[in-house]
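K.L.:
Here it is, the structure in full.
Nothing in this text is a laboratory measurement; each read-out follows from the coordinates by a stated rule. A quick note: this is a predicted structure, and the numbers were derived from the prediction, not measured.
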């Protein structure tokens with residue numbers, strides 16, 4: 001029973017740590033967090049837009065984070081490494097957060113999705129999908145979903161593991177709108193398919209270059 005509890009607790013604890021870090025480092029623009037436990041250390045790799053906000057002056061911020069992880073989450077030897085996100089347009093979490101920001105500002109949801117998916121594809125992705133779900137429209141409107149997809153995005157099986165995804169919620173006056181972003185990064189080769197070729201935007205998206 002103790003072993004079973006350990007297997008159950010491990011993912012929950014990992015989720016709690018990731019949620020804490022995302023909240024604490026929100027202004028740094030968190031793109032990805034990877035946690036790897038070993039018998040000696042717990043390595044935490046954080047990919048962000050602004051590494052300086054994570055490190056802090058003379059390493060003060062990162063030292064405080066390390067100490068908090070050691071005391072609050074009982075991690076014996078946490079080691080945090082910080083890397084800069086190379087291409088924000090290909091990071092699902094950053095794209096989803098940007099979509100939520102625009103939606104909370106009152107931008108039209110469909111226009112936001114079109115604008116962002118074009119940016120994803122033009123940065124080399126071989127497939128992308130953005131879905132917004134919730135009370136889209138005026139206050140009192142029924143919940144619905146809007147989906148925009150370009151290129152190849154597998155939904156099941158082993159190929160789906162190669163797709164990166166993130167889900168973020170936008171708080172609007174009419175209610176919460178969930179934004180799901182799924183991206184197949186440049187160079188991804190799916191089993192049983194030929195090497196990816198350049199993805200061409202559909203005409204309905206290509207002709208809309210007026211921003212969001």
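K.L.:
Roughly what angle does helix 92-104 make with the longest principal axis of the chain, taking Cα atoms, 0 to 90 degrees, to the nearest 10?
P.N.:
60
K.L.:
Given Cα pairs under 8 Å that are at least 6 residues apart, what percent is the relative contact order of the range 2-84?
P.N.:
The value is 28 percent.
K.L.:
Sequence gap at least 6, Cα distance under 8 Å: using those rules, report the relative contact order of the chain to the nearest whole percent. Working shown, then result.
P.N.:
Working: 354 pairs, mean separation 35.7, N = 212.
With pairs under 8 Å counted, the relative contact order is 17 percent.
K.L.:
Still on this structure: When P(r) over Cα pairs in 10 Å bins from 0, in percent is calculated directly from the model, which label among [x] 8, 33, 36, 19, 3, 0; [y] 8, 28, 30, 24, 9, 1; [z] 8, 31, 30, 12, 7, 5, 4, 2, 1 fits?
P.N.:
[y]
K.L.:
P(r) of the range 1-118 in 10 Å steps, Cα pairs, percent per bin?
P.N.:
Calculated over all Cα pairs of the range 1-118, the distribution is 12, 37, 28, 16, 6, 0 percent.
K.L.:
Suppose the chain between residue 74 and residue 10 were pulled fully straight at 0.36 nm per residue; how much longer would it get relative to their current alpha carbon spacing?
P.N.:
Difference between extended and current length: 21.8 nm.
K.L.:
With n ≥ 4 as the cut-off for DSSP H runs, can you work out [θ] at 222 nm for the chain, using -39500 (n - 2.57) per run divided by the number of residues, rounded to the nearest 500?
P.N.:
The helix-only estimate for the chain comes to -10500 deg cm²/dmol at 222 nm.
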